[in-house]
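Below is one structure; the comments refer to it alone.
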Amino acid sequence: MTTTELDDRQRANLQKLTDVGRHVPDRLDEIADRFHPDFLWTYVNPELPEIAGQYRGVAGFTDFFARLADVSNGSFRGGSVDAWPIGPELAVVRTAPSMTRGGRKLRTDAVVVWRFVDGLIHSAWDIPASAIDDGPADPD
């Protein structure tokens, strides 16, 4: 699907997700108006059970990234690879995050399913694949 085949609502939804990507992890408060008051972020990852769960509101979303920074000693890097609208209410974003953990360089593929209600980001489910071990982390 090309951007010319998207309707106005889908284009607006993808723009909101682009804005999120530009403001993650520590500037989400600048775009709080793009989120529904009941926003819910759900992170599903058996490899990081200490941060898996649900986070409410923009403050919760920001807290999730702070926890992710803690478990990765600040090495977490995100990055959207592609995004697809699924009708007027959903979008799927493929990401390729990486981090260092336990002295190892790790990367994975992940999808985030985003739901929009009343033109606002209402909820999201972050679902990573199993981590790929790229070997020992570079010494600091």
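The values are calculated or read from the model by the stated rules, or taken from the named source; none is laboratory data. Keep in mind that this is a model prediction, so the values were computed, not measured. Cβ placement follows ideal geometry from the backbone for every residue including glycine, while neighbour counts extend to all protein chains displayed.
Given the conditions (1) touching a residue at least 60 places away in the same chain (Cβ under 8 Å); (2) farther than 20 Å from E5 by Cβ; (3) of a type in the set (G, A, S), and given that G78 satisfies all but one, which numbered condition is not satisfied?
(1)
Only one of V92, V81 is part of a strand (DSSP E or B) and either surrounded by 18 or more Cβ atoms within 10 Å (Cβ to Cβ) or at pLDDT 95 or above (or both). Can you tell me which? Before the answer, list the steps.
On the way: V81 fails: either surrounded by 18 or more Cβ atoms within 10 Å (Cβ to Cβ) or at pLDDT 95 or above (or both).
Sole residue among the options that is part of a strand (DSSP E or B) and either surrounded by 18 or more Cβ atoms within 10 Å (Cβ to Cβ) or at pLDDT 95 or above (or both): V92.
Of all residues in the range 73-123, which are polar (S, T, N, Q), within 16 Å of D19 (Cβ to Cβ) and over 14 Å from the mean Cα position of the chain (by Cα)?
Scanning the range 73-123 gives no hits.
Cβ-Cβ below 6 Å, separation at least six or inter-chain, first residue in the range 93-118 and touching a residue at least 40 places away in the same chain (Cβ under 8 Å), second of a type in the set (G, A, S): which pairs?
Going by the 6 Å Cβ cut-off, the qualifying pairs are V93/S80; V93/A83; W114/A91; W114/A124.
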